[in-house]
């Protein structure tokens, strides 16, 4: 082995490739592939409905049908709409935002498994996988928001300056959800069982995020309401409803929601990066 | 390990002197590489659970697979190393590790740049067209969209896929898929290229193109690691060969020596193949003889004594073996 040792000493340009790249270099490698990051979600979406008759119409039809189902069940049937002026918009807003969140977080547990063969044949910063998955879900969330706007106009809401604040709110939502996606991507890689367990936990979050009803119309218990207020998804949904329906939303949500987004995004990214090398390996 | 010297220049090989590696610039150095992973191991379904408990046979559970066990090697500029070994000897796992794509259990790999790995199962997107796969693959390798668009025509021409380029890759044959993967992986000339059986499925035209491009890469001082079961291919491409068995290096040295040893340890399956062919031929000849005899017997059913017309012609196993031997043997390009 003496030859090996010597050649290592004489060659300064040899770099370890089986060690985790330092954070700065990692981010540099990610930025160098910005075009790839943008191309992946679009190609994923291109093939998603390829085998169907209606094809890409499903990107619009899917949120429409989902909205329809919830409107029929929770509107006239169960009358959960107390305390809400424009219940259709209220409900569909919540469903769309929550759907974006749950799809990214639930899908995260399968992200690394799904891309195993890709990772075993090509090197790229692995963070691209959860990021692109989140971006893909975000793109699919946008037609859902278009449906919401259409319903809003159809039910007599008139456009206001508050609508202009929708894009920044949605960007904050994207950052928060992507951070969560980083976390479940690594967790799902460590515990594949999470794939079965997480949807139930997320479903609990569905009822705790005020998607279907206005919590304040059902309880006046302060601590119960605080639980809702501290929930980042509830905050995001409230902000979107504020922009669309002028529903009151606490001012501090404007600080709390971006705060949550920053913490989850940075924390989630770092958490994901720390296991960078392990993702391609068989578990 | 019989010979671990990484020096393939025989004329300089006068002892293990210090100036051996002076003009040999290492591009990849692997030290004591180990890869272990856990896998599910099923129980033998033919033993009942009850009997298993009685006999204390281990039940199906997770078992550790130690795929690569302490491999060290140095690859130099302009050098091509061949890796040979039986199925399951850890060749593919080793090169995935050398490419920095999986976590090592022990050891380390140093390289001047990340090797490009080219395998049979190169992960392309089956539902996307060849053209879009080229775009995505090259973007992932760090090219810009504009660069890819500029080169797209030449790339498609090199791939030789023609009109198929706009069909989903799922419709491609394995040879066409190999063409596409090879085109993408070598478009950005890598300093280090690792080929894992990726040329085996290509046709002659593709092999010629691939050989040309590989020569270009080598001329540009790139280095290569080639896994192949085609020993003549290894012999023609590589000056050095590593023989791997059970995740360990059996021998590392000059191509001719290692290949000869590998062959004598693993007698060419072609010999067995020949034996099988000879046996089949013998059976066919015997069947033909029987048929002839029967035909003759039917024709002469009215006669009283049945004598085969060609009773003087040689018959029996010894003769048919003679007849079978000069039979044409297709696809005999092996290393005798």
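Out of the residues in the stretch B:211-228 that are under 16 Å from the mean Cα position of the chain (by Cα) and touching a residue at least 40 places away in the same chain (Cβ under 8 Å), state the one that is nearest to residue B:90 (Cα to Cα). Talk me through it step by step, then tell me what you get.
Step one: of the stretch B:211-228, the residues under 16 Å from the mean Cα position of the chain (by Cα) are B:211, B:224-228.
When the remaining residues are screened for being touching a residue at least 40 places away in the same chain (Cβ under 8 Å), the result is B:224-228.
Working: B:224: 18, B:225: 14, B:226: 14, B:227: 11, B:228: 13 Å.
Out of the qualifying residues, it is B:227.
Would a scan of the stretch B:24-32 turn up a residue that is surrounded by fewer than 17 Cβ atoms within 10 Å (Cβ to Cβ), at pLDDT 75 or above, part of a strand (DSSP E or B) and out of contact with any helix residue (DSSP H, G or I) (no Cβ under 9 Å at 6 or more places or on another chain)? Break it down stepwise before answering.
Residues of the stretch B:24-32 surrounded by fewer than 17 Cβ atoms within 10 Å (Cβ to Cβ): B:32.
Among the residues that remain, those that are also at pLDDT 75 or above are: B:32.
Keeping just the survivors that are part of a strand (DSSP E or B) gives B:32.
With the extra rule that they be out of contact with any helix residue (DSSP H, G or I) (no Cβ under 9 Å at 6 or more places or on another chain), the set shrinks to B:32.
Yes, the stretch B:24-32 contains at least one residue that is surrounded by fewer than 17 Cβ atoms within 10 Å (Cβ to Cβ), at pLDDT 75 or above, part of a strand (DSSP E or B) and out of contact with any helix residue (DSSP H, G or I) (no Cβ under 9 Å at 6 or more places or on another chain).
For a quick check of your reading: which strands (runs of 3 or more DSSP E) sit entirely within the stretch B:72-159 and have at least 1 residues that are facing chain A (nearest Cβ under 9 Å) and modelled with pLDDT of 90 or more? Spell out the reasoning first.
Numbers: elements: B:80-84, B:106-111, B:116-119.
Hits in the stretch B:72-159: B:106-111.
Does residue B:252 meet the test of being at pLDDT 90 or above, loosely packed, with under 14 Cβ neighbours inside 10 Å and assigned by TED's automatic domain parsing to the domain that holds residue B:207?
Details: at pLDDT 90 or above: yes; loosely packed, with under 14 Cβ neighbours inside 10 Å: no; assigned by TED's automatic domain parsing to the domain that holds residue B:207: yes.
The answer is no for residue B:252.
Considering only the stretch A:109-210, give the helices (runs of 4 or more DSSP H) lying wholly within it that have at least 3 residues that are under 28 Å from residue B:143 (Cβ atoms).
On the way: elements: A:116-119, A:128-154, A:166-190, A:194-207.
Of the helices (runs of 4 or more DSSP H) lying wholly inside the stretch A:109-210, those with at least 3 residues that are under 28 Å from residue B:143 (Cβ atoms) span A:116-119, A:128-154, A:166-190.
If you check residue A:33 against the conditions, is it at the interface with chain B (Cβ under 9 Å from one of its Cβ atoms), closer than 25 Å to residue B:143 by Cβ, at pLDDT 85 or above and crowded, with 18+ Cβ neighbours inside 10 Å? Break it down into steps so the answer makes sense when it comes.
On the way: at the interface with chain B (Cβ under 9 Å from one of its Cβ atoms): yes; closer than 25 Å to residue B:143 by Cβ: yes; at pLDDT 85 or above: yes; crowded, with 18+ Cβ neighbours inside 10 Å: yes.
Yes.
Please determine whether any residue of the stretch A:61-84 is farther than 30 Å from residue B:101 by Cβ, within 14 Å of chain B (Cβ to nearest Cβ) and not in a helix (DSSP H, G or I).
No, the stretch A:61-84 contains no residue that is farther than 30 Å from residue B:101 by Cβ, within 14 Å of chain B (Cβ to nearest Cβ) and not in a helix (DSSP H, G or I).
Kindly check whether there is at least one residue in the stretch A:18-27 that is touching a strand residue (DSSP E or B) at 6+ places or on another chain (Cβ under 6 Å) and at pLDDT below 90.
To start, the set of residues in the stretch A:18-27 that are touching a strand residue (DSSP E or B) at 6+ places or on another chain (Cβ under 6 Å) comprises A:18.
Adding the requirement that they be at pLDDT below 90 leaves A:18.
Checked against the condition, which is being touching a strand residue (DSSP E or B) at 6+ places or on another chain (Cβ under 6 Å) and at pLDDT below 90, the stretch A:18-27 yields at least one hit.
This table checks each residue for (1) touching a residue at least 60 places away in the same chain (Cβ under 8 Å); (2) over 19 Å from the mean Cα position of the chain (by Cα); (3) closer than 23 Å to residue B:126 by Cβ.
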| position | (1), (2), (3) |
| --- | --- |
| B:153 | no, yes, no |
| B:176 | no, no, yes |
| B:183 | no, no, yes |
| B:186 | yes, no, yes |
| B:195 | yes, no, yes |
| B:201 | yes, no, yes |
| B:209 | no, no, no |
| B:230 | no, no, no |
| B:255 | yes, no, no |
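Restricted to the stretch A:225-272, and to residues that are free of Cβ contacts under 8 Å to residues at least 40 places away in the same chain and buried (at least 23 other Cβ atoms within 10 Å of the Cβ), which residue is nearest to residue A:157 (Cα to Cα)?
So the residue we want is A:238.
Which condition does residue A:109 not pass, out of (1) more than 14 Å from every other protein chain (Cβ to nearest Cβ); (2) within 30 Å of residue A:243 (Cβ to Cβ); (3) within 18 Å of the chain's Cα centre (by Cα), if it passes all the others?
(2)
The values are calculated or read from the model by the stated rules, or taken from the named source; none is laboratory data. All values reported here derive from a predicted model rather than from experimental measurement. Every residue, glycine among them, receives a Cβ derived from its backbone with ideal geometry; neighbour counts consider all protein chains shown.
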